[in-house]
Amino acid sequence: MVQIDDVVVSLDLFREKFLCDLSACRGECCIEGDAGAPVELDEVAELEEVLPVVWNDLSPEAREVIDRQGVVYTDCDGDLVTSIVNGKDCVFTCYDEKGGCFCAIEKAYREGRCQFYKPVSCHLYPVRVGDYGPYKAVNYHRWDVCKAAVLLGQKENLPLYRFLKEPLIRKFGEAWYEELEKVAEELKEQGYL
């Protein structure tokens, strides 16, 4: 573990290789699991604001869940998460003609229909950020559905922290990420990587 400001970072971010391979996994991280994606409190308003923009992209089942309980709920661990359909699909999940899933919010963002990219936890995946009061912990979440991403990352020799550059900057800022890169260089020089 290394610490940058009040953030403790797992060495996995430097050691592990990762590059999403949507052609292989088909976006399975949006539809598997026992709860929705973690959401920060200030993101709830953004999810509600983007809802009219993506409403017609959502499945009838997702719209029904949102009408009944809203865009988020508190899961059994007490965490705020996106609402889910049938115990698994995020309500913002959509499918393409080949059955691959994608995020309706990210699609709308890329098309210039909204300013919100998607919840930062989704943008950061496969990294999870834990909040422990005076500090945060950044950890790699290993999951079988990402096996193809690990293989592609190894093939391309892309460290996890580089794959996640944009979302890490979004979460912690440019200066923090620059410090993370310095730490990576120091770890290489010391023979840890």
- [ ] Return a yes/no flag: does region 108-127 have any residue that is surrounded by 16 or more Cβ atoms within 10 Å (Cβ to Cβ), over 20 Å from residue 143 (Cβ atoms) and aliphatic (A, V, I, L, M).
- [x] yes
Open item on the list: Just to be sure before I move on: is residue 138 buried (at least 19 other Cβ atoms within 10 Å of the Cβ), closer than 17 Å to residue 48 by Cα and in contact with a Ser or Thr (Cβ under 8 Å, 6 or more places away or on another chain) in the structure I sent?
Closed with: no
Open item on the list: Which of the numbered conditions does residue 131 fail, given that it passes all the others? Conditions: (1) part of a loop (DSSP other than H, G, I, E, B); (2) surrounded by fewer than 16 Cβ atoms within 10 Å (Cβ to Cβ); (3) among the charged types (D, E, K, R).
Closed with: (1)
- [ ] Would you please list the contacts, defined by Cβ atoms under 8 Å and residues six or more apart or on different chains, that run from a residue in region 47-60 that is of a type in the set (Lys, Arg) to a residue that is part of a helix (DSSP H, G or I) and buried (at least 17 other Cβ atoms within 10 Å of the Cβ)?
- [x] none
TODO: Among the candidates 171, 118, 182, single out the residue that is charged (D, E, K, R), under 13 Å from the mean Cα position of the chain (by Cα) and under 23 Å from residue 5 (Cα atoms).
DONE: 171
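Each value in this text was obtained by applying a stated rule to the coordinates, not by laboratory testing. Nothing here was measured: the structure is a model prediction, and the numbers come from that model. We place every Cβ from the backbone using ideal geometry, glycine too, and count neighbours over all the protein chains shown.
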